[in-house]
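Undergrad: Got a structure here, written out as structure tokens. Questions coming.
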Amino acid sequence: MTITQRILVTGGAGYIGTHTCVELLNAGYHVTVMDNFCNSKPEALKRVERITGKVIHCMEADIRNRAAVAQALVQSKATAVIHFAGLKAVGESATAPLAYYDNNVVGTLRLLEAMDECGVNTLVFSSSATVYGNPERLPFQETHRLLPTNPYGRTKLHIECMLRDLQASRPQWRIAILRYFNPVGAHPSGLIGEDPRGVPNNLMPFLSQVAVGRRNHLNIFGRDYSTPDGTGIRDYIHVTDLAIGHLRALEHLDKTTSSHTAGQCLELNLGTGKGHSVLDLVQAFKLASGRPIPYQFKARRAGDIAEFYADPTLASQLLGWAPTMNLQQICEDSWRWQRMNPDGYRSA
Ligand code: NAD
Ligand code: UDP
């Protein structure tokens, strides 16, 4: 089997990107990161080097700059791309949709054009379970209808469509579309983790900031869902498990020939298949941190869904991949990162 040795990672300085870079470097890949640092810091890549003892090549550039992407592909001699770069805040996407379409859809278009021009045909793309929208049935299988309910999700759906059309027209391309459920946790070293700007929108970073004393209490949005404890249920997956899923996808694509793809992208859920409620998370985090987590119940958050979790069977069958970390380990790793870096990378 040939191993794809040289990878260009767009958005590699971000939360999932840094964790994936660690796993790639540890597995012996050469890694070049392209990032414009609109939602990350160069310090994050220094930490990746510290964890792995390996050098990471970084190019500060925007993926919408096609010439810069082509230059990075040529200079790095990349044989594959893992594409994380994108804007990801659901609420912001509703107030600034054009910025989201420009960054996510146009950015991916420019990246694909540069890849096509340079003859780099292997791509792993960060999609999101948001593309499914409201569940017709649970758990979500990859065949579920795709009907996202917000502009962010629609940018991911547009990109998926673009990738399916590209794959159908180019037998030599090998494309994996990975639909993430709720990535949480941090590297066990406590050196890298999620570092949101401003007030976190997502549960885990908010919870961590309450535990560390940056915020007074957690607002729990809704206690009247038809779930066992009345709070919302999600499929929380450790970011390292998720990162390893990208390596397995790359290995799988490496073994794939045009007769295997049959003009189709590989489309996979990356989730645990287990749902946990907001109160489950509060309880697990309290135990992990030994700190009190004061909370108040509030009205449901607009657009929220009661339950959302994956059927990860296909990823398990095709990639031989399965998440290994449970909720308690996830909370312990999140807490270590938060405790060691109370202000994120600004603490450095
Ligand atoms: P992140 O914001 O931490 O990382 C994204 C990185 O991309 C950042 O370093 C940012 O600076 C960079 N970037 C953004 N636009 C760019 C551009 N035009 N050119 C170059 N660099 C650019 O986000 P993350 O949580 O690591 O998410 C990575 C990917 O996974 C995103 O595409 C996101 O939509 C997707 N995703 C994330 C989640 C989640 O909950 N974190 C869930 C599903 C899917
Ligand atoms: N949530 C909450 N308080 C918060 C943030 C989130 O109660 O401050 C709830 C939210 O209503 C949902 C769950 O936690 O039920 C996960 O929310 P998150 O935003 O992390 O993920 P998403 O809803 O995008 O899957």
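Undergrad: In region 5-38, which residues are within 16 Å of ligand 2 (Cβ to nearest atom) and outside any helix (DSSP H, G or I)?
TA: none
Undergrad: Let me confirm something: among Ala13, Ala61, Ala27, Ala70, which residue is closer than 24 Å to Tyr100 by Cα, more than 13 Å from ligand 1 (Cβ to nearest atom) and at pLDDT 95 or above?
TA: On inspection, the qualifying residue turns out to be Ala70.
Undergrad: If I filter region 84-123 down to residues being in contact (Cβ under 8 Å) with a residue 60 or more places away in the chain and away from ligand 1 (no atom under 14 Å from the Cβ), which single residue comes out as surrounded by the most Cβ atoms within 10 Å (Cβ to Cβ)?
TA: Per the stated criteria, the residue is Val120.
Undergrad: Going through region 120-141 one residue at a time, which ones are of a type in the set (Gly, Ala, Ser), more than 19 Å from Ala168 (Cβ to Cβ) and out of contact with any Pro (no Cβ under 9 Å at 6 or more places or on another chain)?
TA: Correct list: Ser126, Ala129.
Undergrad: Among residues belonging to region 171-225 that are more than 12 Å from ligand 2 (Cβ to nearest atom) and in contact with a strand residue (DSSP E or B) (Cβ under 6 Å, 6 or more places away or on another chain), point out the one that is nearest to Cys161 (Cα to Cα).
TA: Among those that are more than 12 Å from ligand 2 (Cβ to nearest atom) and in contact with a strand residue (DSSP E or B) (Cβ under 6 Å, 6 or more places away or on another chain), it is Ile177.
Undergrad: Also, I was wondering about something else. Inside region 182-237, can you point out the residues that are among the polar types (S, T, N, Q), surrounded by fewer than 17 Cβ atoms within 10 Å (Cβ to Cβ) and free of Cβ contacts under 8 Å to residues at least 60 places away in the same chain?
TA: Answer for region 182-237, where residues must be among the polar types (S, T, N, Q), surrounded by fewer than 17 Cβ atoms within 10 Å (Cβ to Cβ) and free of Cβ contacts under 8 Å to residues at least 60 places away in the same chain: just Asn202.
Undergrad: To continue, here is another question. Quick one: is Arg179 under 22 Å from the mean Cα position of the chain (by Cα), touching a residue at least 60 places away in the same chain (Cβ under 8 Å), more than 17 Å from Tyr345 (Cα to Cα) and away from ligand 1 (no atom under 11 Å from the Cβ)?
TA: Judged against the criteria, Arg179 is not a match.
Undergrad: How many of the residues in region 39-83 are assigned to a loop (DSSP other than H, G, I, E, B), without any contact (Cβ under 8 Å) to a residue 24 or more places away in the chain and not aliphatic (A, V, I, L, M)?
TA: Counting residues in region 39-83 that are assigned to a loop (DSSP other than H, G, I, E, B), without any contact (Cβ under 8 Å) to a residue 24 or more places away in the chain and not aliphatic (A, V, I, L, M) gives 1.
Undergrad: Does Pro205 meet the test of being within 18 Å of His19 (Cα to Cα) and more than 16 Å from ligand 1 (Cβ to nearest atom)?
TA: Considered against the rule, which asks whether it is within 18 Å of His19 (Cα to Cα) and more than 16 Å from ligand 1 (Cβ to nearest atom), Pro205 comes out as no.
The values are calculated or read from the model by the stated rules, or taken from the named source; none is laboratory data. Note that the coordinates shown come from a computational prediction; the quantities given were computed from them, not determined experimentally. Every residue, glycine among them, receives a Cβ derived from its backbone with ideal geometry; neighbour counts consider all protein chains shown.
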